[in-house]
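Notes follow once the structure below has been shown.
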Amino acid sequence: MQRFPSRPRCWPTTQPADPATAQQRREESQAWHHAQLAAHIELAAEVTHPIAGEVLSLHAPVRDNTYPWLICNGCDYGGMESEPPEWPCRTYTLVADRHNWQFEGSSSQPTLVRRTTEPGG
C-alpha cells in the first residue's frame, strides 16, 4: 500500500503568468477530479461488505473549489486553522487496497486504478 506525501502548500496561490497555461492547468485538474470521482463510484460498487462500504463512503473524495486537491469527507481537520484533510487518506487507501485497487502517479494527483495483479504478485 502506497501513501503519498502531502501536496505542496503553495498550490492555491501559484498561478502561471500565461492565461492559456492557467486555463490548461484548470482543465487538467478538473479532468483529474472527475476521473477520481468516477473511479470512486466504480470501486464503491464492488465493495460488498456493509461496514467496508460505509467506511469507503465516509472517506469519499469531495471536490472543494477552494483547493486544487480532493478532500477526504471522513477525516477530521488537524485544528481550527488547518487546511482540510487530503484525499486519499490512509483509511480510503486501505479499503481500496483490500478490494484490489491502488493509487498510481504523482503525489500531487494520485490516480485510483484497478490493480491488474494480486498484491505481492
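Observations, loosely collected:
- Peptides 69-78, 99-108, 19-28 ranked from most to least packed by the mean count of surrounding Cβ atoms within 10 Å: 69-78, 99-108, 19-28.
- Under 10 Å, Cβ to Cβ, from PRO84 - net charge with Lys/Arg +1 and Asp/Glu -1: -4
- Surface composition of the range 79-121: carbon plus sulfur atoms contribute 49% of the solvent-accessible area (1.4 Å probe, protein chains only, all chains present).
- For the range 70-121, the C-alpha radius of gyration sits at 1.32 times the compact-globule guess of 2.2 N^0.38 Å, with N the residue count.
- Neighbourhood net charge (12 Å Cβ-Cβ; Lys/Arg +1, Asp/Glu -1) for VAL95: -1
- Kirkwood Rh (inverse of mean 1/r, distinct Cα pairs), the range 34-115, angstrom: 13.0
- Cut-off under 5 Å, modelled amide H: who pairs with ASN100 long-range: none
The values are calculated or read from the model by the stated rules, or taken from the named source; none is laboratory data. Bear in mind that the values here come from a model prediction, so they are computed numbers and not experimental data. Note that each Cβ is placed from the backbone with ideal geometry, even for glycine, and that neighbours are counted across all protein chains shown. Keep in mind that these areas ignore ligands, DNA and RNA; they rest on the heavy atoms of the full protein, side chains included. Shrake-Rupley method; radii C 1.70, N 1.55, O 1.52, S 1.80 Å.
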